[in-house]
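The values are calculated or read from the model by the stated rules, or taken from the named source; none is laboratory data. Since this is a predicted model, take the numbers as computed values, not measurements. No Cβ is skipped: glycine too gets one built from the backbone with ideal geometry, and neighbour counts run over all protein chains shown. Please note that ligands, DNA and RNA were not included when accessible areas were found on the heavy atoms of the full protein model with its side chains. Shrake-Rupley method; radii C 1.70, N 1.55, O 1.52, S 1.80 Å.
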Amino acid sequence: MESKKELLDFNFDNSFSHNLEDFFVSCSSEPSSSPQLLQLNRKLAKELGLNPDLLDSEEGLDIFSGNDLPAGSDPLAQAYSGHQFGGFSPLLGDGRALLLGEVIDSNNQRRDIQLKGSGRTPFSRGGDGKSALGPVLREYLISEHMHVLGIPTTRALAAVATGDQVNRDTLLPGGILTRVAASHIRVGTFQFGTALGEIEKIKKITDYSISRHYPEATNSDNPYLTFFECVSNAQALLVARWMSVGFIHGVMNTDNMTITGETIDYGPCAFMDSYFPGTVFSSIDTQGRYAYSNQPSVLSWNLTRLAETLVPLVDDNQEQAVALLTTAINNIHPLYQGHWLAQMRPKIGLTTEDILDEELINDLLSIMEEGQADFTLVFRRLSEVLKGNADPIKELFKDPQSCDAWLVRWQERLAREGNTKDLTIKMMNKVNPIYIARNHKVEEVLSAAVNQNDVKPFLDFLLVLERPFDEVKGNEAYASPGPVSDIPYKTFCGT
Ligand code: AMP
Ligand code: MG
């Protein structure tokens with residue numbers, strides 16, 4: 001009979017390690033002393049063609065804790081460069097992550113499986129290659145939440161407490177996240193390709209990326225330009241989706257922007273409570289470079305860095321290549337704006353397009369800013385207005401009367417839609433979550449898990465966030481904004 005370990009076959013089909021020798025260093029994980037599986041994503045495991053019952057075992061834990069490498073894996077740390085807060089670092093790379101390999105999932109999609117926090121790699125520099133447990137659980141919770149909200153993201157397959165301690169000013173319990181991504185190729189991977197100094201190398205990573213993620217680009221007149229347009233579109237849609245739920249990524253460095261347009265690296269990210277465009281949560285973002293309202297312009301800035309790497313491929317004539325890419329760069333903002341409108345219209349119940357919609361939405365945002373109204377609840381409670389009760393939304397504004405005129409204008413616009421109120425309510429409640437990963441709740445459940453060894457609040461919160469659009473009696477505490485505090489909420493990079 002086959003042992004459990006033999007049965008636990010990931011069926012790896014590794015292409016990165018076989019094709020891109022200049023873009024990684026092979027390495028291994030460090031062992032964990034007494035690991036414990038805190039959470040396994042059984043649904044995702046199935047999607048990946050893995051057997052969750054087999055994974056939920058000593059053998060599975062050995063893999064998720066870095067104590068044993070699964071058969072067929074080619075463990076490696078990827079190399080990449082990156083602009084961090086505007087300054088260029090030619091060599092970053094996976095300093096605390098280890099790509100185990102790729103699997104073909106049940107939808108025939110190639111997915112990376114990676115350990116995050118499994119120890120030092122050749123790119124660790126001064127770091128220990130480890131993760132504290134808090135950030136591991138945070139990434140698990142928020143990335144899975146984003147997925148349910150319909151926002152492209154890396155996924156979380158498992159969270160493990162290693163039983164070891166990591167030193168972050170104080171000693172903290174360590175953890176490892178098993179992360180799943182369409183790939184981990186970022187804008188910074190291309191910057192690294194350019195830094196290698198040979199056109200062949202940047203061509204190699206681009207050709208690989210096209211065939212893995214945007215094969216349709218191959219049929220265009222200029223596949224490399226089309227590739228850039230595809231990445232721009234995916235990232236523009238992503239940022240529009242973030243904006244539509246009040247999400248602030250917090251560290252939009254070029255090494256944290258995937259070319260697939262999946263959200264990656266949930267270090268200092270957070271959802272805002274009351275609407276303020278300049279909101280920044282990250283403790284290290286002192287200049288507000290990655291503030292909520294700056295995200296669309298950072299999108300263009302980062303994509304311009306990608307465009308620079310593609311110049312030698314887009315046309316033999318450099319001037320012509322720059323002209324073509326500049327046109328594409330100039331198109332990013334309108335592209336983003338189109339995606340943003342397409343996200344925002346249904347939030348206020350619109351199914352048709354009117355030239356004045358953008359102004360209508362922006363006017364709502366202005367009164368929300370003025371009235372310090374809660375972003376999530378304002379949109380959610382619009383449906384209450386249609387049920388005949390405007391009080392719940394009005395009480396969100398410092399001056400409850402301040403939204404009256406807008407509500408009248410909005411309902412006049414809705415009347416021209418011709419949809420029934422019931423239908424509009426249903427549609428709005430499908431896109432406006434009632435439960436989001438509110439900062440005070442996130443802190444509460446992480447603190448219980450890390451400081452009191454109690455993962456139940458974390459697991460309960462995960463369950464609530466599995467159905468963010470369906471109001472559930474008894475879950476009111478999850479829907480309310482946190483207590484007002486004089487001290488601004490701060491987040492920290494997940495190291
Ligand atoms: P991040 O800000 O999380 O995107 O990480 C930026 C860079 O720092 C990446 O190259 C990471 O691999 C590296 N890094 C972050 N934390 C650690 C750590 N604990 N040990 C080694 N490298 C790290
Ligand atoms: Mg990163």
With unit charges on the beta carbon (Lys/Arg positive, Asp/Glu negative), name the residue among L141, T153, L91 whose Cα is farthest towards the positive pole of the charge dipole of segment 70-153.
L91
Please work out how much accessible surface K46 shows to a 1.4 Å probe, ignoring ligands, DNA and RNA, in Å² rounded to 10.
140 Å²
Restricting to DSSP H runs of at least four residues, report the calculated mean residue ellipticity at 222 nm for the chain, -39500 (n - 2.57) per run over all residues, nearest 500 deg cm²/dmol.
-13500 deg cm²/dmol
Judged on accessible area alone, 1.4 Å probe, highest first, D265, D316, D74 line up as D316, D74, D265
In nm, to one decimal, how far is the N330 label point from the D56 one, both placed 7 Å along Cα→Cβ?
5.7 nm
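With helices defined as uninterrupted DSSP H runs, which ones in the chain have an alpha carbon span along their own long axis of at least 24 Å and mean Kyte-Doolittle hydropathy of at least -1.0?
Membrane-span-like by this criterion, though nothing is claimed about a membrane: 223-245, 295-314.
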Farthest toward positive dipole pole in segment 187-342 [+1 Lys/Arg, -1 Asp/Glu at C-beta], among I259, Y214, G197
I259
Computed Rg/Rh for segment 4-181 (Cα atoms; Rh = Kirkwood radius) stands at 0.95
Using only Cα positions of the chain, each an equal point scatterer, no hydration layer, compute I(q)/I(0) via Debye at q = 0.05, 0.07, 0.12 Å⁻¹ and quote the log10 values to two decimals.
-0.20, -0.39, -1.13
If you scale each eigenvalue of the Cα gyration tensor by 5 and take the root, what three semi-axes come out for segment 394-490, rounded to whole angstrom and sorted largest first?
34, 19, 9
Taking Cα atoms only, Rg over Rh for segment 187-342 with Rh from the Kirkwood formula is 0.99
Return a whole-number percent for the relative contact order of the chain, with Cα pairs under 8 Å and 6 or more residues apart as the contact set.
14 percent
Based only on the alpha carbon positions, what is the Kirkwood hydrodynamic radius of segment 116-272, in angstrom?
17.1 Å
Quote to one decimal, in nm, the extra length available between L7 and N108 on full extension: 0.36 nm per residue of separation minus the C-alpha distance between them.
34.2 nm
In the chain, once you exclude exposed GluC sites (Glu not before Pro) (DSSP loop, at most 13 other Cβ within 10 angstrom), what's the longest stretch remaining?
3-197
Charged-residue dipole, Cβ positions (Lys, Arg, Asp, Glu), the chain about Cα centre, Debye nearest 20
620 debye
Just the ratio, please: alpha-carbon radius of gyration of segment 274-408 over 2.2 N^0.38 Å, N its number of residues.
1.39
